[in-house]
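Report on one structure; see the data block that follows.
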Amino acid sequence: MGRRGSAAAWWRQAESSRRRQSPSCFRFHSDCRARGKGFLSSARQQMMMMMIIIIGILSLTVSVASEMTSSPSGNGSKPFPWNKMRLPKHVFPVHYDLLIHPNLTTLTFTGLAKIEIIVNQETSSVIMHNKHLQILKATIEGRMGTIQTVRGMMVLEHLSFEQIALLAAEPLHVGQNYTVNIEYSANLSESFHGFYKSTYRTKEGDMRVLASTQFEPTFARAAFPCFDEPAFKAQFSIKIRRELNQLALSNMPLVKSVNITDWLIEDHFDISVKMSTYLVAFIVSDFKSISKMTTRGVKVSVYTVPDKINQADYALDAAVKLLDFYEDYFSIPYPLPKQDLAAIPDFQSGAMENWGLTTYRESALLYDPEKSTASAKLWITMIIAHELAHQWFGNLVTMEWWNDLWLNEGFAKFMEYVSVSITHPDLKVEDYFLDKCFDAMEVDALNSSHPISTPVEDPAQIQEMFDDVSYEKGACILNMLREYLNPDVFKAGLVKYLTEFSYQNTKNEDLWNSMNTNTNICPTGDTQGSQQHNDGFCTRSQETSSSSHWTRSETFDVKTIMNTWTLQKGFPLITVTVKGKNVHLQQEHYMKGSESSTTGYLWHVPLTYITSKSDITQRFLLRTKADVLILPEEVEWIKFNVGMNGYYIVHYEDDGWDALIRLLKENHTAIGSNDRANLINNVFQLVSVKKLSIAKALDLSLYLQHESQIMPVFQGMNELIPMYKLMEKRDMDDVENQLKGYIVNLFKNLIDKQSWNDEGSLSERMLRSSLLVFACVRKYQPCVDKAEEYFTKWKESNGTFRLPNDVKFAVYAVGAQTVKGWDFLFSKYELPAFNTEKNLIEAALAISRNKEKLQWLMDQGLLGDTIKTQDLPHIIVYIGKNPSGYQLAWKFLKENWHKFVQKFELGSRSLAHMVMGVTNQYSTRTQLAEVKEFFSSLEERSSQLRFVQQAVETIEENIRWMDINFEKIKMWLQTNSNM
């Protein structure tokens with residue numbers, strides 16, 4: 001977190017900088033030009049210096065410091081003229097002219113912001129955002145008749161709102177343009193937000209410092225005073241002062257460089273397009289780059305630290321392909337002349353979509369074909385696709401306020417799959433989409449969930465919007481809508497939305513209106529009896545067969561349908577009861593901890609289904625609490641939510657589940673692999689709301705001994721492994737070991753078939769890696785023996801034996817179980833040659849049973865030198881799931897909570913990941929009491945966070961689940977022990 005210094009501290013810092021003759025000049029004035037020139041006698045110099053210091057301190061104190069107040073009413077000073085968290089609309093920014101000068105030696109920076117504003121309502125104050133910036137001087141320029149005047153402005157500050165008020169001596173007139181000039185200074189932030197410090201070590205071990213930005217959602221205000229809300233779009237002209245051996249980057253291309261001194265250069269970047277403040281970016285570093293041109297002539301470059309530039313080729317090729325794809329898909333040219341992708345050594349999230357200068361965690365951008373895993377290739381491609389999709393969804397068209405963040409993030413997540421399935425068909429990304437929906441449903445099933453579009457106001461609430469509901473659920477409902485409308489109609493609606501609202505801000509309803517008014521919008525399957533009306537709605541005749549229609553109703557309206565998915569939390573549980581040819585449908589709100597729905601929510605659900613008599617997808621729009629569809633003939637089984645393209649869970653009453661379980665056991669390939677994964681998920685979720693017994697769910701899982709496809713296998717593991725993880729933390733060794741044995745036996749044949757190499761398709765390689773790690777960690781002896789053999793051979797080869805990439809994790813995990821193996825693995829972690837493997841090694845080190853090693857690992861992560869603090873949340877979660885480390889992780893989280901808040905920011909996904917990851921396998925009342933007690937002891941802002949409520953609710957659900965199901969699991973395992 002950047003520290004905020006006093007005016008006197010600023011003066012000392014500036015003087016200290018001069019005395020050390022640092023190659024960075026701290027101010028923008030003439031004192032920079034005469035450094036080191038002995039043009040006055042020593043005595044006269046000293047006298048003048050004393051006068052300068054005295055005058056400087058006095059003028060600083062009089063003109064700025066005494067006029068600052070940190071409270072709304074300020075002890076005898078003028079009251080702060082605004083009392084809301086959101087900025088007033090009295091003035092709007094038109095153009096920012098920014099001059100930023102970072103000093104990478106003193107870890108400070110100075111700035112000059114010239115902000116052109118237009119007045120919409122007469123006012124005597126300009127309210128804007130400011131966080132940890134020391135305002136040195138503020139003036140306003142404007143015309144008084146024919147005279148251009150410059151006047152000083154008094155500065156008031158409201159710390160809790162992160163606002164400043166610049167008070168003008170006279171009212172500002174409606175329709176007139178003024179320029180506000182603000183000089184300021186600050187420290188480079190020690191967090192991952194604002195304008196922050198990042199470091200890396202060269203191959204030779206030297207430490208290098210760079211400065212980079214991360215402004216989303218509310219941290220542009222920590223780099224320059226601004227109107228830091230998405231709707232206050234403006235253009236930006238950015239100048240960066242740097243040393244000769246440094247490189248400056250920003251959103252736009254470099255226009256010119258001006259020599260300020262022999263050692264100082266000022267880079268001028270082209271004026272930007274109109275954009276929100278959170279998309280501004282600049283970097284000062286020693287990065288190297290490689291470049292290519294897209295088909296339309298956009299220059300794409302990948303920047304990274306010099307030692308890793310050989311890992312940039314894959315990202316560059318992927319970015320060029322994806323940018324070409326998006327230009328074609330959206331029918332809107334990318335509006336900037338360049339697109340840079342920069343790998344930042346210290347980065348909290350995965351990546352950031354700054355317009356023209358996207359930034360990434362190194363592991364999210366850099367790929368070594370010799371050393372990186374198959375899953376790394378998939379992840380890197382998806383993240384680049386996500387950030388480049390944002391150049392249209394988010395940058396070109398931006399949500400008006402953070403309550404509709406999903407318009408940015410849900411779309412970018414969805415477009416990952418649309419784009420990569422075309423540009424990189426070998427990755428088969430469509431196979432993994434349903435997993436995102438399962439992730440979203442996990443949190444959306446809690447009472448503490450929230451609607452996709454939900455009111456937020458303060459920065460912590462805004463941070464909390466960056467969750468699985470905004471990203472994954474947003475993507476899933478868009479996919480559902482695409483399947484409903486058909487891809488061409490859906491795409492046409494998106495293009496209309498982007499075209500109509502380019503460089504503007506939007507709300508939920510703007511998207512749906514674009515979909516409604518698009519031509520030929522009649523949904524999939526309505527090839528008969530449907531009409532497009534002048535009002536944009538689609539209707540169909542009542543005579544159309546119910547088996548082939550979406551809706552029997554008179555009017556089709558995207559907005560009405562989709563509001564049921566965005567304006568209320570959760571998702572529906574559809575209960576299906578087959579009576580002859582009649583299929584009775586009923587919907588209710590699926591919510592854990594509740595046996596029956598009490599919310600009264602109603603969704604418009606685009607149902608799809610196949611039957612034993614037809615594998616052609618049929619469609620039905622359920623808009624009421626209950627309805628009936630009529631089949632042309634009786635069937636043995638019916639399966640809803642084909643391909644898991646809908647965001648809902650299905651319960652098959654009477655003998656519906658028995659028929660599907662029988663199908664899976666006898667001929668599981670009769671339905672697709674995604675349908676099988678969907679059934680696995682649904683059957684276990686229904687246990688949580690007492691619709692089915694755990695025995696029925698386990699009966700279905702028996703078929704998995706014949707399964708070989710990645711998504712059903714992964715989903716089987718995702719449902720079964722957490723069951724024994726609950727028991728690990730409750731000293732239930734007998735049943736826990738029985739359950740582990742059952743799961744290993746379930747996949748034994750598939751595990752035994754895995755080769756210990758890197759051959760096969762991406763899904764085959766990812767499946768191999770996961771199965772071998774699973775088997776080795778669960779101590780399946782053939783796997784352990786093979787991993788030990790590989791680890792020993794690798795350790796003793798002195799670098800001549802290369803481990804296959806897909807088996808590294810399993811080998812590392814087994815090797816790290818001994819003290820000598822752990823130490824050897826960590827010694828490799830420190831070497832530059834293992835940069836691409838750091839995440840794997842961290843995970844392997846964190847599953848050691850040695851508590852001293854686990855504690856040391858977390859301590860090092862907090863120090864942030866050998867182990868980057870950006871990786872600490874994942875390490876803590878790994879240790880939190882380790883039966884030998886979960887108590888250490890919880891203790892560490894509590895003891896360092898305030899440090900984590902300072903480093904990662906209140907409400908961030910990093911904090912949520914740690915809290916949920918450490919506690920979501922707790923299932924005792926003692927553990928629940930501990931978690932409640934700790935968060936109750938914190939200040940209200942921390943204790944009321946949504947993820948704290950989710951953590952408590954999850955533990956309560958775990959307790960209830962274990963109370964109901966533990967004995968039943970024990971009995972089932974005894975009956976099926978000879979599986």
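The values are calculated or read from the model by the stated rules, or taken from the named source; none is laboratory data. Note that the structure is predicted; figures quoted are calculated from it, not measured. Using ideal geometry, Cβ is built from the backbone for each residue, glycine included, and neighbour counts are taken over all protein chains shown.
Close Cβ contacts (under 9 Å, 6 or more residues apart or on different chains) running from residues in the stretch 292-303 that are assigned to a loop (DSSP other than H, G, I, E, B) to residues that are polar (S, T, N, Q) comprise T294/Q339; V298/Q339.
If a residue counts only when it is small (G, A, S), which helices (runs of 4 or more DSSP H) contained entirely in the stretch 791-871 have at least 2 such residues? Show your work before the answer.
Values: elements: 808-815, 819-829, 838-845, 851-863.
By residue number, 808-815, 819-829, 838-845.
So in the stretch 806-833, with the set limited to residues that are small (G, A, S) and more than 23 Å from A775 (Cα to Cα), which one is modelled with the lowest pLDDT? Selected residue: A833. What pairs can you find where one residue is in the stretch 665-690 and more than 26 Å from E430 (Cβ to Cβ), the other is among the β-branched types (V, I, T), and their Cβ atoms are less than 6 Å apart, with a gap of 6+ or different chains? Hits for this filter: V687/I694. Within the set K197, K203, K292, K288, the sole residue that is at pLDDT below 95 and either of a type in the set (S, T, Y) or farther than 15 Å from L98 by Cα (or both) turns out to be K203.
Could you pull out the residue among A929, A912 that is hydrophobic (A, V, I, L, M, F, W, C), surrounded by fewer than 16 Cβ atoms within 10 Å (Cβ to Cβ) and assigned to a helix (DSSP H, G or I)? Talk me through it step by step, then tell me what you get.
Values: A912 fails: surrounded by fewer than 16 Cβ atoms within 10 Å (Cβ to Cβ).
The conditions single out A929.
Yes or no: E362 of a type outside the set (V, I, T) and either free of Cβ contacts under 8 Å to residues at least 12 places away in the same chain or farther than 30 Å from T105 by Cβ (or both)? Judged against the criteria, E362 is not a match. The strands (runs of 3 or more DSSP E) found wholly in the stretch 214-285 and carrying at least 1 residues that are in contact with a helix residue (DSSP H, G or I) (Cβ under 9 Å, 6 or more places away or on another chain) occupy 235-243, 264-269.
Out of curiosity, is S449 within 25 Å of L622 (Cα to Cα), hydroxyl-bearing (S, T, Y) and under 16 Å from the mean Cα position of the chain (by Cα)? Give the derivation first.
Values: within 25 Å of L622 (Cα to Cα): yes; hydroxyl-bearing (S, T, Y): yes; under 16 Å from the mean Cα position of the chain (by Cα): no.
For S449, the condition - within 25 Å of L622 (Cα to Cα), hydroxyl-bearing (S, T, Y) and under 16 Å from the mean Cα position of the chain (by Cα) - is not met.
The requirement of being at pLDDT below 95, of a type in the set (D, E, K, R), in the same structural domain as P93 (by TED's automatic domain parsing) and in contact with a helix residue (DSSP H, G or I) (Cβ under 7 Å, 6 or more places away or on another chain) is not satisfied by K131. Out of the residues in the stretch 727-745 that are out of contact with any helix residue (DSSP H, G or I) (no Cβ under 6 Å at 6 or more places or on another chain) and among the hydrophobic types (A, V, I, L, M, F, W, C), state the one that is modelled with the lowest pLDDT. Applying the filter and picking the extreme gives M732.
Can you find a residue that is exposed (fewer than 14 other Cβ atoms within 10 Å of the Cβ) and either more than 23 Å from S276 (Cα to Cα) or under 33 Å from the mean Cα position of the chain (by Cα) (or both) anywhere in the stretch 125-138?
Going through the stretch 125-138, the residues exposed (fewer than 14 other Cβ atoms within 10 Å of the Cβ) turn out to be none.
No, that holds for no residue.
The rows are residues; the columns are (1) crowded, with 18+ Cβ neighbours inside 10 Å; (2) in the same structural domain as L663 (by TED's automatic domain parsing); (3) not hydrophobic (A, V, I, L, M, F, W, C).
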site: A695; (1), (2), (3): no, no, no
site: L698; (1), (2), (3): yes, no, no
site: S701; (1), (2), (3): yes, no, yes
site: S708; (1), (2), (3): no, no, yes
site: V713; (1), (2), (3): yes, no, no
site: G716; (1), (2), (3): yes, no, yes
site: M727; (1), (2), (3): yes, no, no
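Against the definition (within 23 Å of M85 (Cβ to Cβ), surrounded by fewer than 21 Cβ atoms within 10 Å (Cβ to Cβ), out of contact with any helix residue (DSSP H, G or I) (no Cβ under 8 Å at 6 or more places or on another chain) and not hydroxyl-bearing (S, T, Y)), how does L107 come out, yes or no? Judged against the criteria, L107 is not a match. I'd like to know if the stretch 89-104 contains one or more residues that are at pLDDT 95 or above, part of a loop (DSSP other than H, G, I, E, B) and surrounded by fewer than 20 Cβ atoms within 10 Å (Cβ to Cβ). Yes, some residue in the stretch 89-104 is at pLDDT 95 or above, part of a loop (DSSP other than H, G, I, E, B) and surrounded by fewer than 20 Cβ atoms within 10 Å (Cβ to Cβ).
Residues that are buried (at least 16 other Cβ atoms within 10 Å of the Cβ) and among the β-branched types (V, I, T) within the stretch 795-813 comprise V807, V811, listed in sequence order. Against the test of being out of contact with any strand residue (DSSP E or B) (no Cβ under 8 Å at 6 or more places or on another chain) and assigned to a helix (DSSP H, G or I), the options D324, D317, D368 yield a single qualifying residue, D324.
Could you tell me whether the stretch 849-872 includes any residue that is outside the structural domain of K203 (by TED's automatic domain parsing), within 27 Å of K197 (Cβ to Cβ), in contact (Cβ under 8 Å) with a residue 60 or more places away in the chain and of a type in the set (S, T, N, Q)? Yes. In the condition set (1) part of a strand (DSSP E or B); (2) within 24 Å of G205 (Cα to Cα), D307 is compliant with all but (1).
When D806, D823 are screened for being within 30 Å of Q781 (Cβ to Cβ), out of contact with any Leu (no Cβ under 9 Å at 6 or more places or on another chain) and acidic (D, E), only D823 passes.
Those strands (runs of 3 or more DSSP E) of the stretch 561-639 in which at least 1 residues are on the phi < 0 side of the Ramachandran plot and out of contact with any Lys or Arg (no Cβ under 9 Å at 6 or more places or on another chain), considering only elements entirely within it, cover 571-579, 582-590, 614-622, 626-630.
Quick check on my filter: what residues within the stretch 330-348 are of a type in the set (A, V, I, L, M) and crowded, with 23+ Cβ neighbours inside 10 Å? Lay out the reasoning, then the answer.
Step one: list which residues in the stretch 330-348 are of a type in the set (A, V, I, L, M), which gives 332, 336, 341-344.
Correct list: L341, A342, A343, I344.
Cβ separations smaller than 8 Å between residues 6+ apart or across chains give the following pairs from the stretch 614-633 residues that are among the small types (G, A, S) to residues that are surrounded by 12 or more Cβ atoms within 10 Å (Cβ to Cβ): A626/H584; A626/L585; A626/Q586; A626/Q587.
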